[in-house]
Each structure stands twice: as structure tokens, then as C-alpha cells.
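The values are calculated or read from the model by the stated rules, or taken from the named source; none is laboratory data. Quantities reported herein were computed from a predicted structural model and do not represent experimental measurements. Methodologically, a virtual Cβ is constructed for each residue, glycine included, from the backbone with ideal geometry; neighbour enumeration extends over all protein chains shown. Note: areas computed on protein heavy atoms with side chains; ligands, DNA, RNA excluded. Shrake-Rupley method; radii C 1.70, N 1.55, O 1.52, S 1.80 Å.
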Amino acid sequence: MIAPGSTHASMAELNRSRIIRLLHLNGVSSRAHIARELSLTPAAITKITAQLIDMGIISETGTLDGIKKRRSIGLKLNESKYRVIGVKFARSIIQIGVFDLGGNLESVQTLPPVNNDDIPGTLEDITVRVNHLLELDPSIVAIGMAVPGPYLRDEGRIAVVTSMIGWQNVNFLDEYEHAFRVPVFIEQDARAGALAQSLFNPNASSNNLAYYLVGEGVGLGLMDHGNLINGEVGAATEIGHISIDVNGEPCECGNRGCLERYCSAVRMHRIIDESGLIDGSASMTHADACLALFSHLGNGDAYDKLLHDLATYVGYGCVMIINAFNPRQIVIGDILSQAGQPLLDTVKQVVAQRVIPTLSESTEILLSDLPADATLSGAAAVAAAQFLEHPTEFVEQQEPPVS
């Protein structure tokens, strides 16, 4: 629906966006099918699709069976003609990926592990690497960045980053808003992950979806009836800082017993070091230490018990998510999700024991199956979503893409 006072130009752009979003979701469609789905006249669809073909955003492809067995020409989104860059910030882990509009990863760079002292140099390194990618590929139209939460979107900074306090001194808007030839869009990492599931995962329920990030931090992104929940300053759904023990471990956010203190990769790494289960774990990254433990699952009670204890806390998080937000799906992603079925089984057991049956039975819990890391894909999704919503703006500011 067009808001009162909207211009003809904004109405035209809205209809262009609706068409390419439909093609992004459904793949190849005929003009007649698009007209029916969007309640637009065939004449309007013919005009708008002609514009989109001229802009190079969509193209004709083959024929389809239409009404009364009439053959129709199919239309598809040219996903590979335009690309976006995704940048994942995860405390010590920084990755830069190039994706097409369908969420397909074309290249990825993983920077050296970061500590607090390295942050200024890392920020400069990201600028150099991204500008190099932009020089090599004029088809890149936008950059998305996914940063730990709680991210204060209007200020451009993170309110608190447990275990890596140096990131709190970075203003991402000041650092990157005008650093590149294409626009930059920044989102909290779990919300970016939810957007990636919605845009790029055909098995996800885009209307009511929770993306539960369990990595170096713990976060939640929520799609409610197709819209991201942000909150007043962009800090909604910060599940990692909800207390599960009022007398528990102190957290750098000022609270006690925060969920993040009990089921993050940082916590798991610390327990692995203390247990001596993995040789040389102290010199590993958090991710590598966790993956080393996962490789031993099924080979000993100590390994399995450690994961079971951590997964139980992950399950407590799902209990809170279901009771607070009642999503259709909870998708668990990031480092701990790589434990696979043993983690998922424990989570489901906790939910079955602690949630009202009507709610637990109506909630599907699954592991992220995106081909690339969900937060990195989420960063790309933040940029791709902007293209899908405002296609003309991006095409007009872009140099002719390489065919």
C-alpha cells in the first residue's frame, strides 16, 4: 500500500522492488503470474518489467506453462550480475566475503585473529582490503557489515562487547560511512543472521523467524511477520544479556548470570583449557578449540558431557525465545551450532521439558544450513536487502558492471 503523499516516482520504485523481491523469492515467474501475485494490471507489469530488463536487473529466460496451457516467457532476477560485500565482525574473528544477490559466496578472506591492541590496525586493513575488492569488481553495488550487539544504530557504536572491550571505542559510522565508492549498511550480527535466513535460506520461515547466534557472543535476531525487530535504539532482543541466574557470574554489561556467560564459544574454550581435554587448546582461537572438541564427540564421556552442559544452557535460551516471542522457527547458528545433532538433541530435550507443549510443538528448532557462515551471509543480506528495496538507486550510482 502506498502512503498518502507518496510521489509517482516512489510508487514506481516500490513496484519495481516488489517484482524483484518476488523473483528473488520464487525464481522464474511469468508476467501473468507476477501480475496475479502483486495485484497489478498486465499492462503495468509489462511496462515495469521492460524497465527492469533495460536496467539489467532481470532478464527473460525460456518459456513456462501458463493459464489454459498457454506458453509464457519466464522472467528471472540477474542475481550474478550485481554483487555485494559482507564484513563480519565477531570480536576476534573478521571475515570479508563477496556474494551475489542470491547469497552465493564467491570469495572470502579471513583476517588474522584480533585482540584489543590490534583493533585500530584491523580497521585500516579492512578499508584497504574492501577498496581493493571494489577496484577489481565494478559490479559490487553495496557493503553490509554485521557487528556484535547491542549495537546503537543511530550512534554507530556497540554499547558493550564482553571479552573484547576495545570494540566499544569504535564508531563504525565514522569509520566506514564515507570510506568507499558504494554505500555501507551496518546491522547487529544476529539480526543480520535472521535477515540471511529470510533472504537466502529456502527452508526458513521468513515471517516469524528467530536466528539464535551462539558464537564468541550470544545474540538473537527476530523476524516478526517479515519485519526485523530493532527496538528504540537498535538494541532489542539482546538475549545474551538476560540473566539466567540472579546470583551468577558477573558480566561486563553490569548484570549477573547473563546467558552469554554460560554458553558462548569463549566460555567453552575456557572450560576446554581447564579440563585439559584438547592438547594445545590454550594457543587456539575460540572457534578452533570448539571445533577440536566437536571432533571428539562420541569418543568419550568427558567430551560429550562438556558439550551436553553447554548445550543445556543453549536450550535455556530457546525456552526464553519461545516464551517471549513465539517464533515459528528458531535457527541456531555460528560456532556452537557446528557441534551438529548432539547439540540440537539436547536443546530440544530442554525445550520439551520446560516449555508449554502447545508452544514447543508449534516451534521448529533447527541448525543453520546456509552454505556460508550465517553472520557473514547476514552482512551480505543487509546490503542485498537494500538493493532489492531500492534497485534504481543502486543501478544509477553504479558503473557499468563487468559481463
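Values as computed for the structure displayed
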| read-out | value |
| --- | --- |
| Between helix 341-354 and the chain: long-axis angle, C-alpha atoms, 0 to 90°, nearest 10 | 80 |
| For the stretch 202-369, the fraction of alpha-carbon pairs in successive 10 Å shells from zero, as % | 10, 38, 36, 14, 2 |
| Unit charges at the beta carbon, dipole of the chain: most positive-side option, Leu259, Thr392, Ala90 | Thr392 |
| Among Cys318, Cys253, Cys263: highest mean-square fluctuation, GNM of the chain, C-alpha pairs under 10 Å | Cys253 |
| 1.4 Å probe accessible area per residue over the stretch 190-242, in Å² | 30 |
| Rounded tilt (10° steps) of 374-389 against the dominant C-alpha axis of the chain | 20 |
| Nearest 10 degrees, 0 to 90: helix 301-325 Cα axis against the chain principal axis | 50 |
| Among beta bridges that DSSP assigns inside the chain, antiparallel share in %, nearest 5 | 65 |
| Carbon + sulfur, % of accessible area of the chain - ligands and nucleic acids excluded, 1.4 Å | 51 |
| Heavy-atom accessible area per residue - the stretch 24-120, 1.4 Å, Å² | 50 |
| Cα centroid of the stretch 316-381 to Cα centroid of the stretch 263-308, whole Å | 21 |
